[in-house]
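Below you'll find the structure, written out as structure tokens, and then a few comments.
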Amino acid sequence: MRHAVIVTAAGSSRRFNGSGQISKKKEFLCISGEPVLCRAIRPFLATEDLVALVVTYRKGDLEEVKGIVSSLDLNGIEVLFVEGGDTRQASVFNGLKVLYDRRKELDVFIVSIHDGARPFISENKLVKSCIDMAQKVGGACPCLRVTDTLVKVGEDGLLDGRLSRDGVCTVQTPQSFRFPEIYHAHCSAVPGKAYTDDTEVFMDWGGRVGFVQGDPNNRKITFAGDLKENS
């Protein structure tokens, strides 16, 4: 089952750099001597039948991204670098379009989409589980069930009731989808709508997304403190 992965690294790292203490993109920083971007990509390289890696980059960052990715053992996998757009959704669409334009050559059946700032996948099992679920139902998303109490906060800043946790989850990446269905879903995305992730794009189009048990260690780097290794 031929598989491709799009790894997003085109963001501005605005929240990460909000304190002014670090001015470098978070995907380029190192954890235990290895760039965050490499660690985000590595779990996919052990996936059977991976034929293409697409990395989105911010304008001006191409050479640095190429240098980081070149340190990986890619085993002949096709690597495509794609300039990102103004939003994550636009960047993902650019990556999907490149795969669609080369669909006859690459013959991809499943595409996974992963955050370049999510370097803590502990094993390849999560990647494979998402691929398997996408093959069955069309799409797949790793989720963690919410265990904390949920509350509403009023405009006055006071707590204003509780919300039920039943069926409520947080979502992670990688999110996997049949191809080219996910490309067609992005082509049909509602103009001007701020989609939260690719599962919302896919479901708006009419696709189904299956639950995959997420990994608590698979957190996304948002602030400088998030660079610490999992304990």
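We did not get these values from a lab; they are worked out from the coordinates using the rules stated. Keep in mind that what you see is a predicted model, and the values were worked out from it rather than measured. Please note: Cβ atoms are built from the backbone with ideal geometry, for glycine as well, and neighbour counts cover all protein chains shown.
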Checklist line | Cα-centre dipole for region 1-130 with unit charges at Cβ (Lys and Arg positive, Asp and Glu negative), debye to 20 | finding: 440
Notebook entry, point to check: For the modelled label position 7 Å from the Cα of R208 along Cα-to-Cβ, which residues of region 175-191 have backbone nitrogen atoms closer than 20 Å?
Noted result: 175-186
Next item on the list: Give, rounded to the nearest 20 debye, the magnitude of the charge dipole that region 182-231 has about its Cα centre when Lys and Arg contribute +1 at Cβ and Asp and Glu contribute -1 at Cβ.
Entry: 40
Next item on the list: Return the long-range amide H neighbours of C169 (sequence gap of 5 or more, or a different chain), with a cut-off of under 5 Å between placed amide H atoms.
Entry: V146
Checklist line | Helix-only [θ]222 nm of the chain, DSSP H runs n ≥ 4, -39500 (n - 2.57) each, per residue, nearest 500 | finding: -8000 deg cm²/dmol
Check: Along region 47-52, what does the Karplus equation 6.51 cos²θ - 1.76 cosθ + 1.60 (θ = phi - 60°) give for ³J(HN,Hα), rounded to whole Hz, x for Gly and Pro?
Finding: 6, 4, 6, 6, 10, 8
Next item on the list: Compute the projected area of the convex hull of the Cα atoms of the chain, averaged over all viewing directions, and report it in nm² to one decimal place.
Entry: 14.3
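Compute the signed sum of charges (Lys and Arg +1, Asp and Glu -1) over the other residues within less than 11 Å, Cβ to Cβ, of D197.
-2
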Next item on the list: Could you check what % of the DSSP bridge pairs in the chain are antiparallel, to the nearest 5?
Entry: 35
Margin query: Taking the Cα centre as origin and putting +1 on Lys and Arg beta-carbons and -1 on Asp and Glu beta-carbons, what dipole magnitude results for region 38-196, to the nearest 20 debye?
Written below: 240
Notebook entry, point to check: Shape of region 125-210 from its Cα gyration tensor (a ≥ b ≥ c, root eigenvalues): rounded if a/c is under 1.5, otherwise prolate when a/b > b/c, or oblate?
Noted result: oblate
Notebook entry, point to check: What is the total of Lys pairs in the chain with C-alpha atoms under 14 Å apart, excluding same-chain pairs fewer than 8 positions apart?
Noted result: 6
Notebook entry, point to check: Shape of region 29-107 from its Cα gyration tensor (a ≥ b ≥ c, root eigenvalues): rounded if a/c is under 1.5, otherwise prolate when a/b > b/c, or oblate?
Noted result: oblate
Check: So which cysteines of the chain have no other cysteine's Cβ under 4.7 Å from theirs?
Finding: C30, C38, C130, C141, C187
Margin query: Please report the antiparallel percentage of DSSP beta bridges with both residues in region 110-208, rounded to the nearest 5.
Written below: 90
